Amino acid sequence: MADKSISQTPWRDEARALIALSVPLIIGNLGWSGIAATDLLLLGRIGPDAVAAGSLGFNVYMAVLIFGIGLTTAASPLIASERGQRLHSVRDIRRTVRQSVWAASMICLPSWIVLWHAEHILILIGQDPELSAGAAEMVRALQWALLPYLAYMILRNFVAALERPMWGVVVTLIAVPFNALAGWVLIFGHLGFPALGLQGAGLASLSTAIFMFLGMAAVISLDRQFRRYHLFGRFWVADWNRFRTVWRVGLPIAVTLALEVTVFNAAVFLMGLIDRPSLAAHAIAMQLSALVFMVPMGIGQAATVRVGYFHGRRDPAAVGRAGWLALAFGTGFALCSATLLLTAPRFLVSGFIDVDLPANAHVTALAISFLSIAALFQLGDCGQAVGAGVLRGLQDTRVPMIFAAVGYWVIGIGVGTLLAFPLGMKGLGIWLGLASGLAVVAVLVIWRWTRRDRLGLVPH
């Protein structure tokens with residue numbers, strides 16, 4: 001997209017630019033969800049134990065991957081800001097991409113050591129030894145996907161920061177059937193390959209991660225606009241100041257995402273302390289909420305780029321326009337999604353279980369009640385996702401990390417545990433706690449956004 005947006009840009013043009021950037025990012029997020037679901041669907045054909053072991057293994061891997069994604073997310077606001085500055089932008093952007101890959105490589109070695117011992121970790125936290133062994137079989141193949149996938153994410157952030165995110169969508173959407181084919185071949189043993197089961201699922205995801213990285217690398221090497229950055233030239237040359245900047249911006253994002261993911265993992269554990277129907281209903285409601293979350297997540301990612309671009313241009317008026325429009329879009333979507341969750345919960349739950357079966361009546365009722373709370377926290381969830389996105393565009397990540405720690409763990413888990421157990425609200429109490437935590441984080445990040453000028457977050 002041409003760099004035509006300056007301080008006189010009307011609100012309508014900024015809205016169009018934000019939508020044009022958000023939609024491909026949302027589609028890309030949904031595509032990644034499809035990739036993650038494919039392996040579990042294929043493992044379901046083996047049996048419930050394979051699904052359980054695969055889920056355990058995938059969750060261990062995701063805990064590490066999310067941290068890496070958070071760290072490499074720093075590339076997005078940094079590149080957008082460098083693009084806005086224009087002077088030496090090609091050189092600066094190239095160095096940011098290079099040092100982001102260096103940072104990703106740096107965290108892979110300790111991550112691989114941790115993942116190699118997944119079986120011992122799972123047994124240590126009380127998981128079934130047989131399922132833990134199966135999970136480790138998958139993880140020991142899957143763990144090698146970490147570096148190529150993080151490298152792909154950095155390249156995706158690069159093309160998104162240049163406001164050409166559609167290439168990331170194309171690669172992701174091709175990767176969905178590629179992963180399904182690789183899983184079919186390696187899990188069940190087709191086309192002359194042996195049936196590898198859980199290990200095959202890990203190898204399929206590894207193959208897909210390599211495919212996605214090579215796909216983005218090919219696009220960047222062949223496209224004229226991308227090629228001029230020479231991203232892959234002299235990759236061994238260090239830029240220690242920029243390397244430290246990537247860590248300064250990215251580490252708080254990594255911790256924030258880790259706090260967010262682990263709080264929902266903790267909610268699963270708390271549900272397990274109640275009863276199996278509550279755990280099953282929670283899984284259904286959370287799957288729906290996670291699917292809905294892909295939209296505000298995409299809006300937040302787009303806001304990071306747009307705000308970051310104007311941050312580099314030192315244009316406070318345009319920064320405000322981009323941020324407020326993103327928050328308005330997030331709020332509008334939250335109202336729509338809340339309406340859907342409130343008016344059609346039974347229909348939504350029917351996509352996961354037979355709601356007319358008497359044996360499922362209790363789980364159905366619980367899932368519907370959880371979705372009513374999910375409707376309430378749509379505003380909080382969208383607010384915190386988009387609010388964090390606009391602050392990342394200003395390279396403001398440390399204080400939002402503290403907000404996340406307080407909101408997710410002190411408020412979310414604290415209130416949820418209090419309501420669920422001492423006050424006897426059970427699963428509904430846990431969901432009210434999560435809603436409270438999300439609301440607190442949303443209020444805090446938006447409050448900080450309103451004070452951006454006083455806090456000196458916007459250069460003039």
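Couple of notes before you dig in:
- Separation of the M425 and W447 label points, Cα + 7 Å toward Cβ, nm: 2.1
- Taking label positions 7 Å along the Cα-Cβ direction at both R45 and W116, the computed distance is 3.3 nm, reported to one decimal.
- Relative contact order computed over the chain (Cα-Cα under 8 Å; 6+ residues apart), in percent: 20
- By the Kirkwood approach, averaging reciprocal distances over each pair of separate Cα atoms, the chain gets a hydrodynamic radius of 22.8 Å.
- Residue-wise HN-Hα coupling along the range 351-363, computed from phi with Karplus coefficients 6.51, -1.76, 1.60 (Hz; x: Gly, Pro): x, 10, 9, 6, 6, 8, 7, x, 5, 9, 4, 5, 4
- Environment charge of D453, counting only residues whose C-beta is closer than 15 Å and scoring Lys/Arg +1, Asp/Glu -1: +4
- Length-normalised contact order for the range 26-238 - Cα pairs under 8 Å, 6+ apart - percent: 28
- Ordering 180-189, 151-160 by mean Cβ neighbour count within 10 Å, with the highest value first, yields 151-160, 180-189.
- Distance between modelled label sites at D223 and V410, nm, 7 Å Cα→Cβ extension: 4.3
- Calculated from backbone phi, Karplus (6.51, -1.76, 1.60) coupling profile of the range 144-150 in Hz, x at Gly/Pro: 6, 6, 4, 5, x, 6, 5
- Extended-chain gain in nm, criterion 0.36 nm per residue less alpha-carbon gap, S372 and R234: 44.3 nm
Laboratory data are not the source of any read-out in this text; all were calculated from the coordinates shown. Because the structure is a prediction, the values reported are computed rather than measured. FYI the Cβ positions are ideal-geometry reconstructions off the backbone, even for glycines, and counts take in every protein chain you see.
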